[in-house]
Each structure stands twice: as structure tokens, then as C-alpha cells.
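Here the structure comes first, spelled out in C-alpha cells, and everything after it is commentary.
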Amino acid sequence: MNGIVVLLVGGLLCFYGIRSLHLAVLATGFGIGWLVTDLFNASVSVLFLFALIGAVVAWVVTTLVFKFSAYFIGGLAGAVVGARAADVLQTGDNNWALSAIVVLAVGVSGAFLADKFRARALLWLTSIGGASMILDGVGRAAGPLEFLHDPSPGWQQVTSTLAWIALSVAGWLVQRNLFADKLGIEKRDLRKR
């Protein structure tokens, strides 16, 4: 059940994130709470609690400082990406200090990119962050694909990373095509290629 929730929230973020800043804030806050708490093998109820706290805190902070919303959303989406990267890059038990450094570094980088490049950076960040949540959800929901949630060294890490890249690109393409007006770009007709 918990894998399906993360998968659905990740799907919203990956394929619909740039459409609504409020939705992106709630989904990324949920994702940060979930993925950071999951680094420490917490129970499902603790995962949900911290995911909901993350969503509410992210939304409140972003609402209070709406002028800097792209910066905060970029930081939040970057933190989601950082949490996934920390999980994929570390084998076995995760080192909390290294995880915190990776999450913070990618979160701050995402914030600065979103502040500078606005919608285009948010398009990438929501696609990548949503894809990480989708893979985490699929890994939890489908036993044979559990390695997508917690890959072991070798082929599982390579496969998980390639799936993350492919899903991120798919989310980017879908959002870019659906929300071209919001991005200020011309809509491409993919059927003409």
C-alpha cells in the first residue's frame, strides 16, 4: 500500500509538477519527508507521518515566502533528487552524515537553478524528483522489482539508475508537451517526427 501512495505522488510530480506550484510544493514536501525518513528504515506509519509533515511544512514555508517560491520548490525537488541519489549511491546501511550532505547539496543546487532558470529548471527538477518517487513506489509495491527501491551494487544499481533517467526524460517530455504555454515555449507535435 505504501509503495502505491509514493508511486502516485511521484507520478503527479513527474508528469504534472510544472502545472501547479501548490501541487509541486505538496508533492515534493511529501517526497522529501518520505525518502529522507526511508533512508533510516523507518516503519510505514513513521514514513507517512514525516511525509505529511514534509508536505505541510513545505507548503507553509513556500506560501509565507511566495516571492521566492521557485527557489524553495527547486530546493525541495532537489532534496528529493538528493535523497534518491544518496540511497542509490550507498550500499547496505546508509550513512546519515553522507546522506545529509548529498540531500543538502543537491537541494541547494536545485534551489539556485530554479531561482535562475525558473520554469525550465522546475520542469527538470519535478521530472527527476517525481521519477525517483515512482521508482521507490514500484520497488515497494512489486516484489520482483524491489531492487528499484533499494538496489544492490552491480546490475541493480545500473538498472535502477537507467530506469530513473528514462522515467525522468519521459516526465520531462510529457510536461514539456502538455504545459508548453506555462514554460513559454512552442508546443512540439511528437507525431510529426
Name the residues in segment 49-93 that are of a type in the set (Ser, Thr, Tyr) and either in contact with a Phe, Trp or Tyr (Cβ under 8 Å, 6 or more places away or on another chain) or within 21 Å of Lys182 (Cα to Cα) (or both), would you?
-> Thr62, Thr63, Ser69, Tyr71
Search segment 149-169 for residues being within 20 Å of Ala77 (Cβ to Cβ) and free of Cβ contacts under 8 Å to residues at least 40 places away in the same chain, and hand back the single one that is surrounded by the most Cβ atoms within 10 Å (Cβ to Cβ).
-> Ala163
In this structure, is Val46 closer than 29 Å to Asp93 by Cα, surrounded by fewer than 20 Cβ atoms within 10 Å (Cβ to Cβ) and over 15 Å from the mean Cα position of the chain (by Cα)?
-> yes
Identify all residues within segment 51-89 that are closer than 22 Å to Gln157 by Cα and loosely packed, with under 15 Cβ neighbours inside 10 Å; write none if there are none.
-> Leu89
Pick out the one residue from Val61, Val80, Val46 that is closer than 20 Å to Val106 by Cβ and free of Cβ contacts under 8 Å to residues at least 12 places away in the same chain.
-> Val61
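Laboratory data are not the source of any read-out in this text; all were calculated from the coordinates shown. Bear in mind the structure is a predicted one, so any value in this text is a computation, not a measurement. A quick note on method: Cβ atoms are made from the backbone with ideal geometry, for glycine too, and the neighbour counts reach across all protein chains shown.
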